[in-house]
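Novice: Sharing a structure here in structure tokens format.
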Amino acid sequence: MKPGLRLKSLTPDAPLVEVQFGGEALMLPEGDNLAAALLAAGIDGFRQTPYQGVARAPYCMMGICFDCLLEVDGVSQQSCMVQVRAGMDLRPARQRREGPYASL
Amino acid sequence: MHRFDLAIVGAGPAGMAAAREAAEAGLKVALVDEQPRAGGQIYRNVGQAAQTYGAQLGKEYLRGVPLVEGIDHEAITHFSGHSVWAIEKGQLALNSPDGARQIGARCVLLATGAIERPMPVPGWTLPGVMGAGAAQIMLKQSGLAVENAVLVGSGPLLHLVAVQLLRAGAPPVALVETRQRRDSRRALLMWRLMLRAGRYIQRSLADLNELRNAGVPRHMACADVALLGERRVDTVSFSSGGRRQELSCDAALLHHGVVPHVQASRAAGVPHIWSDKIQAHVPVCDSWGRTEVPRVWVAGDGAWIGGARAAELSGRIAGLAIAHDLGFVHSPERDRRTSGWIEERDFELSLRPLIEKAFPPYAAALAPADNVTVCRCEEISAGEVRQAVRDGATGINHVKVSTRAGMGRCQGRMCAAALARIVVRESDAKIDEIGTLNARPPIKPVTLGALAGMRREAEGSEDD
Ligand SMILES: Cc1cc2nc3c(=O)[nH]c(=O)nc-3n(C[C@H](O)[C@H](O)[C@H](O)COP(=O)(O)OP(=O)(O)OC[C@H]3O[C@@H](n4cnc5c(N)ncnc54)[C@H](O)[C@@H]3O)c2cc1C
Ligand code: FES
């Protein structure tokens, strides 16, 4: 299995802060765009689709497609429209129509 | 509630230029944009990035610097990081990380720009597949260059993004270009236009030269594009010159033109018509940008695709025309000051047919095969939409209720044009007869908590 998106950073020295993604600690550049920072950290499962239950990852990066949807501190948000803050609690947005997440 | 003479939605070249002109004419202006910094798509983050990696992004990008400086004006309030989720009778509902609020304005100018034309091809929902413009956003905004990418589609932006990635030290694997040889021939027949478009053509040739010198392969006249991979994209497959080819990659970046982002103008009740040239719905307006809804105006690529320079000029024109309509500027002064801008804008617009001929959208993505997903939100395929029409669904909203296509979180931004084309083709109806997806507020996500906060503020405020 290949790793996620490979991204070359032109600004490697940004200060990092800790966030939780699906219960695991990640270090991301503070104030950076959340979707981009997660992609750079090798994450590519953001939204889980309602029927096939497959993972989606950011497609448009400008608030159009909703495929970057995450639960950010319990609220579903487009991660491409959010900036990284220390201590964020992030989870993939589960949109299964059945099961424990059916209400989302 | 704060009141303004003019509220502008979108701080791209159109919105920034309009804000400056209106403020100079004496209007109190609110400039609202959901991005944390002004610039819009072309000049995204230019205030920050110009110093650090402006060189990789190119000279055109740096033209945004004076526009951004121009909105630093005492009569302009810049609501950055605020999305507009409802527009009604001179009131705008905004949402930001700090909560929701409302502002009032005598006039509203929608300068919401363009979005990349969605490109439904097999496999386009796989992680690792993004818009080429999306990759460019990451570069401008975060200084992150997508490595090992295949760029697929057509249009000047496809070449520009390839060059920008190359300069950033992430040379693309290849370009898979969907324009056919006849497209170049058709463009060549427009030689008069080509002479007038000299500046753009030179730049475009320079980009292609840079790619060639760097050894980035360009596959021409490609068809049958499919993006393959188990859990994420790892291969781009296509046919070119009668041969099937496969390229391995870590990312596929799609692009085949841009279309107006009309969610805000739809929600404001502005009438839209289908444009065959743009292959999308566009808001109806006069040459100043005035729509049929009183005190609602449009400018920039959100009104008609004309590119960055035309967007800036149309913003200036609308800004001054609004100042005139509100009584800040007399007709002779408006006409004297706008005549040169109108001439230059119309010149810019007159070049567009060249781009439309040379870089048409990818035909197979305009009429996707049955197994291709068109509605990404609800995972509905083109085949399911066709079946619904065959089963008797007449208009686009009928298709929506029977298939759920267009019912998801994106409110049809990603699928509306595809649905319209399919319904028309399957049912022999005219495109203006099948209706459009409704855009109802909130057009941007807003939480109940934020709404409750807004209500409290409204109840408590005295100066309403
Ligand atoms: C992804 C992308 C990349 C592009 N890159 C280039 C490029 O490099 N070079 C080039 O020549 N052209 C580029 N273009 C074409 C571009 O459309 C124009 O050149 C130019 O940016 C148009 O200017 P504008 O002012 O009309 O809109 P834009 O520059 O698009 O500005 C519109 C602004 O409106 C804001 N907005 C939209 N809706 C809302 C809302 N509801 N609430 C709050 N704010 C909102 C957006 O955040 C955005 O900042 C690109 C287009 C796209 C879609
Ligand atoms: S990536 Fe499309 S909405 Fe965030």
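Novice: How many of the residues in region A:40-71 are of a type outside the set (Lys, Arg) and away from ligand 1 (no atom under 16 Å from the Cβ)? So that I can check it myself, show each step before the final result.
Specialist: Here is the first cut: in region A:40-71, the residues of a type outside the set (Lys, Arg) are A:40-46, A:48-55, A:57-71.
So of that shortlist, the ones also away from ligand 1 (no atom under 16 Å from the Cβ) come out as A:40-46, A:48-55, A:57, A:69-71.
Counting residues in region A:40-71 that are of a type outside the set (Lys, Arg) and away from ligand 1 (no atom under 16 Å from the Cβ) gives 19.
Novice: Condition test on A:Gly23, is it open to solvent by 10 Å² or more (accessible area, probe 1.4 Å) and either within 16 Å of ligand 1 (Cβ to nearest atom) or small (Gly, Ala, Ser) (or both)?
Specialist: Yes; evaluated as a whole, the condition is true for this residue.
Novice: Which residue, of B:Ser265, B:Ser239, is open to solvent by less than 40 Å² (accessible area, probe 1.4 Å), assigned to a strand (DSSP E or B) and hydroxyl-bearing (Ser, Thr, Tyr)? Give the derivation first.
Specialist: Working: B:Ser265 fails: assigned to a strand (DSSP E or B).
On inspection, the qualifying residue turns out to be B:Ser239.
Novice: In region B:67-109, what residues are under 16 Å from B:Gln41 (Cα atoms) and either touching a Phe, Trp or Tyr at 6+ places or on another chain (Cβ under 9 Å) or assigned to a helix (DSSP H, G or I) (or both)?
Specialist: Passing the criteria: B:Leu67, B:Val68.
Novice: Taking region A:52-88, which residues are of a type in the set (S, T, N, Q) and either in a strand (DSSP E or B) or more than 8 Å from chain B (Cβ to nearest Cβ) (or both)?
Specialist: Residues of region A:52-88 of a type in the set (S, T, N, Q): A:52, A:76-79, A:83.
Hits for region A:52-88 are A:Ser76, A:Gln77, A:Gln78, A:Ser79, A:Gln83.
Novice: Scanning region B:147-176 for residues that are assigned to a strand (DSSP E or B) and over 21 Å from the mean Cα position of the chain (by Cα), which turns out farthest from B:Arg376 (Cα to Cα)? So that I can check it myself, show each step before the final result.
Specialist: First, pick out the residues of region B:147-176 that are assigned to a strand (DSSP E or B): B:149-154, B:174-176.
Within this subset, residues satisfying the condition of being over 21 Å from the mean Cα position of the chain (by Cα) are B:149-150, B:174-176.
Details: B:Ala149: 22, B:Val150: 22, B:Ala174: 26, B:Leu175: 25, B:Val176: 23 Å.
Step by step, filter region B:147-176, then rank; the result is B:Ala174.
Novice: Somewhere in region B:185-205, is a residue small (Gly, Ala, Ser), away from ligand 1 (no atom under 11 Å from the Cβ) and over 29 Å from B:Gly242 (Cα atoms)?
Specialist: Taking every residue of region B:185-205 in turn, at least one turns out to be small (Gly, Ala, Ser), away from ligand 1 (no atom under 11 Å from the Cβ) and over 29 Å from B:Gly242 (Cα atoms).
Novice: Restricting to region A:1-43, give me the number of residues that are facing another protein chain (nearest Cβ under 8 Å), in contact with a helix residue (DSSP H, G or I) (Cβ under 8 Å, 6 or more places away or on another chain) and under 22 Å from B:Arg231 (Cβ atoms).
Specialist: Here the count works out to 7.
Novice: Same structure again: Give all pairs with beta carbons closer than 6 Å in which a residue from region B:380-397 that is of a type in the set (Asp, Glu) meets a residue that is modelled with pLDDT under 95; count only pairs at least 6 apart in sequence or on separate chains.
Specialist: From residues that are of a type in the set (Asp, Glu), the pairs are B:Glu384/B:Thr403.
Novice: If B:Leu193 passes every condition in (1) at pLDDT 95 or above; (2) surrounded by 16 or more Cβ atoms within 10 Å (Cβ to Cβ) but one, which one does it miss?
Specialist: The failed condition is (1).
Novice: Any idea which of B:Ala162, B:Ala174, B:Ala168, B:Ala223 is away from chain A (no Cβ under 14 Å), surrounded by fewer than 22 Cβ atoms within 10 Å (Cβ to Cβ), within 30 Å of A:Pro12 (Cα to Cα) and not charged (D, E, K, R)? Full working, then the answer.
Specialist: On the way: B:Ala162 fails: surrounded by fewer than 22 Cβ atoms within 10 Å (Cβ to Cβ); B:Ala168 fails: away from chain A (no Cβ under 14 Å); B:Ala223 fails: within 30 Å of A:Pro12 (Cα to Cα).
Unique residue meeting the criteria: B:Ala174.
Novice: Starting from region A:22-37, keep only residues that are at positive phi, then list their pairs with residues that are surrounded by 14 or more Cβ atoms within 10 Å (Cβ to Cβ) and in a strand (DSSP E or B) whose Cβ atoms are within a distance under 7 Å, requiring at least 6 positions of separation or different chains.
Specialist: A:Gly22/A:Arg91; A:Gly22/A:Pro92; A:Gly31/A:Gln83
Conditions (1) under 30 Å from B:Gly26 (Cα atoms); (2) away from chain A (no Cβ under 14 Å), marked per residue:
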residue: B:His330; (1), (2): yes, yes
residue: B:Pro360; (1), (2): no, yes
residue: B:Arg376; (1), (2): no, no
residue: B:Asn397; (1), (2): no, yes
residue: B:Leu419; (1), (2): no, yes
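Novice: Scan region A:83-104 for residues that are at pLDDT 50 or above and open to solvent by 100 Å² or more (accessible area, probe 1.4 Å) and jot them down. Steps first, answer last, please.
Specialist: Going residue by residue through region A:83-104, those that are at pLDDT 50 or above are A:83-97.
Selection gives A:Arg85, A:Arg91.
Novice: I would also like to ask the following. So in region B:54-66, with the set limited to residues that are outside any loop (DSSP other than H, G, I, E, B) and within 14 Å of ligand 1 (Cβ to nearest atom), which one is surrounded by the most Cβ atoms within 10 Å (Cβ to Cβ)?
Specialist: Filtering region B:54-66 down to residues outside any loop (DSSP other than H, G, I, E, B) leaves B:54-57, B:59-62, B:64-66.
Subsequent filtering for residues that are within 14 Å of ligand 1 (Cβ to nearest atom) retains B:54, B:56-57, B:59-62, B:64.
On the way: B:Gly54: 17, B:Gln56: 20, B:Leu57: 25, B:Lys59: 9, B:Glu60: 13, B:Tyr61: 25, B:Leu62: 15, B:Gly64: 27.
Per the criteria, the residue is B:Gly64.
Novice: How many residues does region B:201-219 hold that are open to solvent by 70 Å² or more (accessible area, probe 1.4 Å) and not in a helix (DSSP H, G or I)?
Specialist: Total meeting the criteria: 1.
The values are calculated or read from the model by the stated rules, or taken from the named source; none is laboratory data. Keep in mind the model is a prediction, meaning the values are calculated, not measured. Using ideal geometry, Cβ is built from the backbone for each residue, glycine included, and neighbour counts are taken over all protein chains shown. For the accessible areas, the whole protein counts, side chains as well, though only heavy atoms, and no ligand, DNA or RNA atoms are used. Shrake-Rupley method; radii C 1.70, N 1.55, O 1.52, S 1.80 Å.
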